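The values are calculated or read from the model by the stated rules, or taken from the named source; none is laboratory data. The structure presented is a predicted model; accordingly, all values stated were derived computationally and were not measured. All Cβ positions, even for glycine, are placed from backbone atoms using ideal geometry, and neighbour counts span all protein chains on display. These accessible areas exclude ligands, DNA and RNA; they are computed on the full protein's heavy atoms, side chains included. Shrake-Rupley method; radii C 1.70, N 1.55, O 1.52, S 1.80 Å.
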Amino acid sequence: MMITKAKDILKSVFGYSEFRTLQEEVIKNVLAKRDTLVIMPTGGGKSLCYQIPALIFDGLTIVISPLISLMKDQVEQLTELGASAVVLNSSLSPAEYEENIKLIKEKKAKMLYVAPETLMMERTMNLLSSLKVDCLTIDEAHCISEWGHDFRPEYRQLADVRSRFPEAVTVALTATATPRVQQDITRTLRFSESNVFIASFNRENLFLQVIRKNDPFEQTLKFLKKRENQSGIIYCFSRKQVDELYEQLHYLKFSVRPYHAGLSDAQRKRHQELFIKDDVQIIVATIAFGMGINKPNVRFVIHYDLPKNIESYYQEIGRAGRDGLNADCLLLFGYGDIAKINYFIDQKENEKERRIAKQHLNDLINYAEFYDCRRKPLLNYFGENYDKENCGMCDNCTKPKEELVDITIAAQKFLSCVVRTGEYFGAMHIVDILRGSKSQKVLEKRHDALSTYGIGKEYSKEQWLHLSHQFLVKNILKKDYEFGSLKVTEKGREVLRSKKKVFGKLKEAEISSAPKESLDLFYDKELFEILRLKRKEIADRLHFPPYVIFPDKTLIEMAARYPTSTDMLISIHGVGAVKLKKYGKAFVETVAGYLEKHPEIQTNPDGTRLKLRKKSLAYLSYAKAYKNAKSINKLLSELNVKLSTLLKHLYTYVLEGKRLDDSLLLNETSLSKDELKKIFSVFDRIGFEALSPVFEEFNKSIDYDNLHIARIIYVNRSNK
Ligand code: ADP
Ligand code: MG
Ligand code: ZN
């Protein structure tokens, strides 16, 4: 069967053991020579859908791609895998061009990457019509559609090109989900509907979070400090903002470069290259950055300013985590940005344009303000239903759910204070009055004599600012774009007259991070860094981006499994036969050298190894201390440590298969035997790795400390 062959190639060439969603179905369809349209989100794995058939087909596969940089990248990667591919485009020297033509004629190349205008040249057509062409691939197929964001007139003519290769099956691929564009592609290319494959647009590995933008630079710093050595993109609204943020970060010695349309082509190209080659970690950019970048290990995307609409937001965050490992997407959400965008929208002449832009903005605000799983509004926007209770990968799903509460009284206090002071002041001053401050400004203006003076002491200053931000977003309060003074809107007056209620949140969210993956807990960070250096050294020598050698995930697996022979290496994600031959020795030697320097890393009878890391040693000491103290409370009073930290260490201890005294543990919880039993059966059913779904399952009636202890007991009992 051809599909068995496809599976062999998946492992032997690409080094992967499983197909991703839809890949197998698509490949089957293509191999049966049925024209196919593939719609998958960025990073979904579209390339394999035509590359594997190309390696199976006898004849040539032509791959049409709009961007020279993408073609170059793909051909480099394929060549490294030992799959022969060449490129024809205007950037080649005459000698290179001739060389590639020769490879095609001699049937030494299985894939030809070509720009549409090059393909349409008579000379290229003549060359190709004398050859057996089995597959015509149209990558970024949305370029066919005028409704797409990236229309290319040359793409329209591809329908005619199709008729020049009657033997060839056509595969069109895109990440654009809108039905309009899909229809345009199938109609233009005359595909039948039954051969359209649409994957879900849910990118499970992206951690989505939105926080109130109150001090964006500090918030960004805090976020970055936890992400040393990670690649990421920070998107800003304007060139000016990009330059400013770049200067600030650069001054603080971050590895960072700017990117926007105001820089020269050469500068932009250089900055992009540095980023792709892991020579620079962070790019601060306007939305001009990202098209044509395939870098798989972008670990975070920050929106420093509000994106234009949900579609661009989705595209921009889509650049993170292509390698399938978790990545963080942080949106800083500030009312100032809404006001700014509104201001620009109002400048538009065309009424219809204004209306559409406002709708887009509203959709985005709804997303940012959403209190339930963020995947719901996001996927809904693309016409998909997301009905999972808890995604485990967004801020709203991972923190204890906070219900929206009635904040009408707070709103009334705030709004009436705004009215009493003549709608003349900003939020800071209003909060000072509400909290009964004796600041100079308050006393000077005699605002201590107002009836609203000191009526809001129940909330802190920060809480009031958080509340006022919600009032602005909910449009019961408005800020003068020029002077910063607050005004009560029509809707706000209804609130004052108690005709409308206001619901919102009292507690402000903190920046969090994507949950750690299980692999993440157990790999050797020190070895990973050494392997990264090795990879970089090889990549630089060959003038490749490091990911062309091996993706991060491969190195992480190596750092978890310590392969010291090529036999062990071949079973690792992303290691195929050709790469094994090329680089296997270098990496195996690196691992062996590392093991020699670390005799404390034990080898288990089954050949697996486990390193007792510095951090890991802590959990051993805590477990020992607990065994001595025989009580968590006693231990807490002896040691200066938080309960949550202690529980975490004990959990790690039992996870590693070690035993604690069951009866001691039972003393630590206030839960009854019955309750414990119920929790265990939930663990059995939905897993125990993440506790928030379990917390939800019990309608929040069992607190987290008890759940943590229950989990330790549960895992401990499974250790024999
Ligand atoms: P797209 O073109 O849809 O944006 P790519 O084809 O570039 O995505 O694939 C994204 C990443 O996923 C690449 O690094 C690719 O090697 C990897 N990938 C694709 N298919 C698989 C698979 N079956 N198993 C593991 N990784 C895969
Ligand atoms: Mg692609
Ligand atoms: Zn969620």
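Please compute the length gained on full extension between E369 and S194, using 0.36 nm multiplied by the number of residues separating them and subtracting their Cα-Cα distance.
In short, 59.1 nm is gained.
Let me see the pair-distance distribution of region 525-597: every alpha carbon pair, 5 Å bin width, integer percents in order.
Cα pair-distance distribution for region 525-597, in percent: 3, 18, 32, 30, 14, 4, 0.
Which value in deg cm²/dmol, rounded to the nearest 500, describes the helix-derived mean residue ellipticity at 222 nm for the chain, given -39,500 (n - 2.57) per DSSP H run of n ≥ 4 and division by the residue count?
Helices in the chain give a 222 nm mean residue ellipticity of -15000 deg cm²/dmol.
What share of the DSSP beta bridges in the chain is antiparallel, in percent to the nearest 5?
Counting only bridges with both partners in the chain, antiparallel ones make up about 10 percent.
What whole number of Å gives the distance from the Cα centroid of region 327-346 to the Cα centroid of region 407-458?
Cα centroid to Cα centroid, the span is 27 Å.
Once you list every other residue whose beta carbon is under 13 Å from the beta carbon of K507, what net charge do they have if Lys and Arg are +1 and Asp and Glu are -1?
For residues surrounding K507, the net value is -2.
Rank these by accessible area, largest first, 1.4 Å probe: M120, M291, M71.
Descending order: M291, M120, M71.
May I ask which residue of L434, V181, F201 lies farthest towards the positive end of the charge dipole of the chain, with charges of +1 (Lys, Arg) and -1 (Asp, Glu) on Cβ and the Cα centre as origin?
L434
Need one word for region 332-402: rounded, prolate or oblate. Basis is the Cα gyration tensor (sqrt eigenvalues a ≥ b ≥ c); a/c below 1.5 gives rounded, then a/b vs b/c decides.
The shape class here is oblate.
For T137, which sequence-distant residues (separation of 5 or more, or a different chain) have an amide H within less than 5 Å of its own amide H, given hydrogens modelled in the peptide plane?
Amide H neighbours of T137, under 5 Å, 5+ apart: I62, V63, I64, V171.
From the phi angles alone, apply the Karplus equation (6.51, -1.76, 1.60; θ = phi - 60°) to region 488-498 and give each ³J(HN,Hα) in whole Hz, x where the residue is Gly or Pro.
Each residue of region 488-498 in turn: 8, 8, 4, 4, x, 5, 5, 5, 4, 7, 6 Hz.
Counting other C-beta atoms within 10 Å, and keeping those with at most 15, which DSSP coil GluC sites (Glu not before Pro) do you find in region 164-263?
For GluC sites (Glu not before Pro) across region 164-263 that sit outside H, G, I, E and B with at most 15 neighbouring Cβ atoms in 10 Å, the list reads E167, E204, E228.
With θ set to phi - 60° and the Karplus curve 6.51 cos²θ - 1.76 cosθ + 1.60, what are the ³J(HN,Hα) couplings of region 375-392 in order, to the nearest whole Hz, using x for Gly and Pro?
Listing the rounded values in order: 5, 5, x, 5, 6, 4, 4, 9, x, 10, 9, 10, 10, 5, 5, 9, 7, x Hz.
Can you list the residues, at least 5 places off or on another chain, whose amide H is less than 5 Å from the amide H of C394, using H built in the peptide plane?
For C394, the qualifying residues are L208.
Give, as a single signed number, the net charge of other residues whose beta carbon lies under 11 Å from the beta carbon of A109, with Lys and Arg counted +1 and Asp and Glu -1.
+3
Between S451 and S637, what is the FRET efficiency for a Förster distance of 51 Å, r being their Cβ-Cβ separation, to the nearest 0.05?
0.55
What does the C-alpha gyration tensor say about the overall shape of the chain? Classify as rounded when a/c is under 1.5, otherwise prolate if a/b is larger than b/c, or oblate.
Because a/c hits 1.5 or more and a/b fails to exceed b/c, the chain counts as oblate.
Under 16 Å from the 7 Å Cα→Cβ point of A690, by amide nitrogen: which residues of region 396-440?
The answer is 396-402, whose backbone nitrogens lie closer than 16 Å to the label point.
Could you please report the charge total around W464, scoring K, R as +1 and D, E as -1 over all other residues with beta-carbon less than 14 angstrom from its beta-carbon?
Counting the neighbours of W464, the net charge comes to +3.
Quick one, what does Rg over Rh come out to for region 245-368 if you take C-alpha atoms and the Kirkwood Rh?
Here the Rg-to-Rh quotient is 1.00.
Which of the GluC sites (Glu not before Pro) across region 409-458 are loop residues per DSSP, with 16 or fewer other Cβ within 10 Å?
E423, E458
Modelled label-to-label distance, M1 and E349, 7 Å Cα→beta-carbon offset: nm?
Result: 6.2 nm between the two label points.
Would you mind checking which residues have amide H under 5 Å from A690's amide H? H placed 1.01 Å from N; only 5 or more apart, or other chain.
Residues meeting the amide H criterion: none.
Can you give the FRET efficiency for F217 and K500, using 1/(1 + (r/R0)^6), R0 = 30 Å, r = Cβ-Cβ distance, to the nearest 0.05?
0.25
With both bridge residues required to lie in region 206-398, what share of the DSSP beta bridges run antiparallel, to the nearest 5%?
Restricted to region 206-398, the bridges split so that about 0 percent are antiparallel.
Taking R0 as 45 Å, what's the FRET efficiency between E204 and K438 from their Cβ-Cβ distance, rounded to 0.05?
0.30
Taking 27 Å as the cut-off for C-alpha to C-alpha distance, list the pairs among K634/K673; K277/K376; K102/K536 that go past it.
K277/K376; K102/K536
If I fit a long axis through the Cα atoms of helix 673-686 and take the longest principal axis of the Cα atoms of the chain, what angle between them do I get, 0 to 90°, rounded to 10?
Tilt relative to the chain: about 30 degrees.
Quantify how much of the Cα-Cα distance distribution of region 405-504 extends past 17 Å, in percent.
Tail of P(r) above 17 Å: 45 percent of Cα pairs.
Accessible area per residue, 1.4 Å probe, Å², for the chain: what's the number?
48 Å²
Mind checking the full-extension length gain between E462 and E389? Use 0.36 nm per residue of separation minus the Cα-Cα distance, one decimal, nm.
So the chain would gain 23.1 nm between E462 and E389.
Compute the angle between helix 351-369 and the longest alpha-carbon principal axis of the chain, please, reported from 0 to 90 degrees and rounded to the nearest 10.
Between helix and principal axis, roughly 70 degrees.
Considering only protein heavy atoms and a 1.4 Å probe, what is the carbon-and-sulfur percentage of the accessible area of region 206-398?
Carbon and sulfur together cover 47 percent of it.
Using the Cα centre as the reference, give the magnitude of the dipole from point charges on the C-beta atoms of the chain (Lys, Arg: +1; Asp, Glu: -1; all else neutral), rounded to the nearest 20 debye.
Charge dipole, the chain, about its Cα centre: 1180 debye, nearest 20.
For region 525-597, which whole percent of the accessible surface, found with a 1.4 angstrom probe, sits on carbon and sulfur atoms?
With neighbouring chains kept in place, the figure for region 525-597 is 58 percent.
Nearest 10 degrees is fine. How inclined is helix 265-276 to the longest principal axis of the chain, computing both from alpha carbons?
That helix lies at roughly 80 degrees to the long axis.
Just read off the accessible area of S498 with the full protein assembly in place, 1.4 Å probe, to the nearest 10 Å².
90 Å²
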